[in-house]
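Heads up: the structure comes next, in structure tokens.
The values are calculated or read from the model by the stated rules, or taken from the named source; none is laboratory data. Only a predicted model underlies this, so the values are computations on that prediction, with no experimental measurement involved. Methodologically, a virtual Cβ is constructed for each residue, glycine included, from the backbone with ideal geometry; neighbour enumeration extends over all protein chains shown. Protein only, heavy atoms only, side chains kept; ligands, DNA and RNA dropped before computing areas. Shrake-Rupley method; radii C 1.70, N 1.55, O 1.52, S 1.80 Å.
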Amino acid sequence: MTTAHSASPGRTRRAGAAAALLALGLSACATVPSGGPVVEGEGGAAGSLSGSGYVRQIPPGPQRDVEPNGLVRGFLKSMASFEENHSAAREYLAPKTRSDWLPSGRVLVYEDSDKLALDAEVADDGETAQVRLLSSQLATIDASGQYTPAGAGQVIDVTLDLVRTGDDQWRISDPPELLVLSRSDVDLVYRPLNLYFFNRDRSTLVPDAVFLPVSSDRSATRLVKMLVAGPTSWLDDAVESAFPKDATADVAYDSGTVTVEVDNASGGTTQRFGMRAQLVWTLRQLPEVQELRLRVGGLDIDIPADESENLHTGEGDWDSVNPAGVTGSLRAYFVRDGRMWALESDSRDAQLTESRVAGAPGAGQVALEQHAVSLDEDRVGGIRAGGKEVVVAGTSEGSDYTAVLSGGDYTSLSWDGYGNLWVAEDVSTGRESDDDRQQQDSEEVAEDTERGDPSPTASPSGGEAGDVGTRVWMLRGGTDPVEVDAPELAESRVTALRMSRDGTRAAVLSSRGEGLPRLAVGRVVHSDAGITLSGEFPLATELQEITDVAWRGGDQLAVVGHVEQGAEQSYLVALDGSTETTSAGAPPGTDMGGIAAAPGLPLLSGTEDDNVWMTDDRINWKRVGVGTNPVYPG
């Protein structure tokens, strides 16, 4: 068996035919098993991954006298069954190979079987054959469970060797050391779950999405072992774990209780708390897990301590580092007549009340085209009309705006959980003149708002413009600018930069050339060498255009966009890279101008007719009042 990720120049005698098949998306009709017993899962670990009992299909073995292409198609379909260590797929292997096949856990994902090309070549003696499989690659799932979308033009290219057995049947003699699954198979047999690790100051847990196979094996033990092993390679440098890097764990599950005995751990108070919190938040995703017993440093820790509670109903100190990235209830903010107002309610069903923000933000003397409120709600950062200056003011009486960046062309800003203000600066050449843009943007701000005149600080960027691209700044404490190394944005225009509330990731809307903005998430790494924003991970690729983005939670974004030939509306986007983007509707009779989101709070949108709308159920939107640019802190 040979495997490649791009079309190989070898096997030239068949390459032309295979390439033609791939380009046309053709597949010959073959005798492929389409049935098999359908078995309902017994709840337990596997069913819990989706929150209810699952239904799995156990494929039959190969039909008699099937030809090489049909055999390979049946083998690929049977790969999706994890039951009894892929026993269904092993039926397609030659007897000498059957017991030795050990898939590595790595998975190549393609779109669907209609776009899968198979090209068979039978030897002159009729005793051996080769089948070459070609398909555009959609993604990879590695052995750690990390899902990575494929790059443009990436191709699955696998060649399988076949032999005739003693009873004159084709079987695979050289199976791949990985799995090759369609997207629908991945949706059926894998479930995205989160492992939880700490952000840089260990104030918040950060979700790390992994894909776990749905099978009759106990998923709780597998999930704990993955957690102890550490984060995925994508997130590794941005987070920390309370489990030592060389730690191992003995994990057992019995009647709703998971017992974890950790080796190579000192068992100090801080470390025990960290391990406990990571385990609780990770295992809470599995409804069948009711209790956790952690053995570390010679101590047994029962969680929860109260026997009348369980992991899902009990409260504990682990709530202080909850993955929402916020404590307490956040207020929403919007602008009316140039002044900033706050929206809040005492309960989910209570009427929303408005209050004007104290200090400079509520005075409305400085016209802002964009604004962001810090997580502690003590400061407001804004881009002044014209986009040439970034200012910050407190939310207390008597505050004034102070310029913290000037001389650039600033396009977006956002606060992280550490109290730092992040700013995107457009350094592209060929833009419309600064004077034209400033005049146009100023005219779009409320006409009855007068601009103040804070004294600008020296521009850290020096006002220089390079090729098409973006420069990213992080202002420590909202005041001291530090340039961020953002290599993947060097040749892009950023229209939205939104920091996760845990401070470890950034959601970015960016475009290259004349292309439409695309959505990606990058990781933030702090080191002695500086700050890096990199590891671009594309999301919501099924949407043709996205115009705004906000963090709804640690593992979910809210966006405004549309599919091809579809109406603009809001969507929820999971960060695992595979889960289907779901619609959250839109206000009726008007166009959405932006989106605001926060954990456990209604979605908000400012519309083109200068109204603020909200939805609690992602179906029915209701008008809140007159205003623009609603935001939640962050």
Matching residues in region 79-99 - criterion: being in a helix (DSSP H, G or I) and under 21 Å from VAL109 (Cβ atoms): ALA88, ALA89
Those residues of region 491-507 which are open to solvent by 10 Å² or more (accessible area, probe 1.4 Å), out of contact with any Gly (no Cβ under 7 Å at 6 or more places or on another chain) and closer than 9 Å to TRP551 by Cβ, in sequence order: ARG498
Failed item, numbered, when ARG276 is tested on (1) closer than 29 Å to THR532 by Cβ; (2) in contact with a strand residue (DSSP E or B) (Cβ under 8 Å, 6 or more places away or on another chain); (3) part of a helix (DSSP H, G or I): (1)
All positions within region 190-214 that are in contact with a strand residue (DSSP E or B) (Cβ under 6 Å, 6 or more places away or on another chain) and either of a type in the set (Ser, Thr, Tyr) or more than 30 Å from ALA242 (Cα to Cα) (or both): TYR190, TYR196
Options ASP246, ASP302, ASP237, ASP201: the member that is assigned to a strand (DSSP E or B) and not aliphatic (A, V, I, L, M): ASP302
Leading residue by the ranking (least open to solvent (accessible area, probe 1.4 Å)) among those in region 586-634 that are free of Cβ contacts under 8 Å to residues at least 40 places away in the same chain and closer than 19 Å to GLY364 by Cα: ASN611
Region 382-395, subset outside any strand (DSSP E or B) and open to solvent by 10 Å² or more (accessible area, probe 1.4 Å), residue nearest to TRP551 (Cα to Cα): THR395
Residue among ASP119, ASP112 that alone is acidic (Asp, Glu) and crowded, with 22+ Cβ neighbours inside 10 Å: ASP119
Region 396-414, residues that are in contact with a strand residue (DSSP E or B) (Cβ under 6 Å, 6 or more places away or on another chain), closer than 24 Å to GLY328 by Cβ and assigned to a loop (DSSP other than H, G, I, E, B): SER399
Failed criterion for SER510 (all others in (1) polar (S, T, N, Q); (2) open to solvent by 20 Å² or more (accessible area, probe 1.4 Å); (3) within 19 Å of the chain's Cα centre (by Cα); (4) within 23 Å of PRO630 (Cα to Cα) hold): (2)
Lone unmet requirement of (1) free of Cβ contacts under 8 Å to residues at least 12 places away in the same chain; (2) surrounded by 23 or more Cβ atoms within 10 Å (Cβ to Cβ); (3) not charged (D, E, K, R) for ALA220: (1)
Any hit, region 170-180, residues being open to solvent by less than 20 Å² (accessible area, probe 1.4 Å), farther than 16 Å from GLN285 by Cβ and polar (S, T, N, Q): no
GLN544 being open to solvent by 10 Å² or more (accessible area, probe 1.4 Å), among the polar types (S, T, N, Q) and at pLDDT below 95: yes
Candidates VAL262, VAL326, VAL296, VAL289, filtered to the one that is more than 30 Å from THR615 (Cβ to Cβ), in contact with a Pro (Cβ under 9 Å, 6 or more places away or on another chain) and open to solvent by less than 60 Å² (accessible area, probe 1.4 Å): VAL262
Residue match in region 305-317 (condition: outside any loop (DSSP other than H, G, I, E, B) and open to solvent by less than 60 Å² (accessible area, probe 1.4 Å)): no
In region 367-396, the residues that are under 13 Å from SER412 (Cβ atoms), touching a helix residue (DSSP H, G or I) at 6+ places or on another chain (Cβ under 7 Å) and not small (Gly, Ala, Ser): GLU369
Filter result for ALA529 (among the aliphatic types (A, V, I, L, M) and either touching a strand residue (DSSP E or B) at 6+ places or on another chain (Cβ under 8 Å) or open to solvent by less than 10 Å² (accessible area, probe 1.4 Å) (or both)): no
Qualifying residue in region 569-590 (condition: assigned to a loop (DSSP other than H, G, I, E, B) and either of a type in the set (Phe, Trp, Tyr) or touching a His at 6+ places or on another chain (Cβ under 6 Å) (or both)): no
Qualifying residues in region 609-624 (those that are in contact with a strand residue (DSSP E or B) (Cβ under 8 Å, 6 or more places away or on another chain) and not in a strand (DSSP E or B)) - the one modelled with the lowest pLDDT: ARG618
Residues of region 125-168 classified as small (Gly, Ala, Ser), closer than 24 Å to PHE211 by Cα and surrounded by 15 or more Cβ atoms within 10 Å (Cβ to Cβ), total: 6
Matching residues in region 554-568 - criterion: being within 20 Å of the chain's Cα centre (by Cα) and surrounded by fewer than 22 Cβ atoms within 10 Å (Cβ to Cβ): ASP555, GLN556, HIS562, VAL563
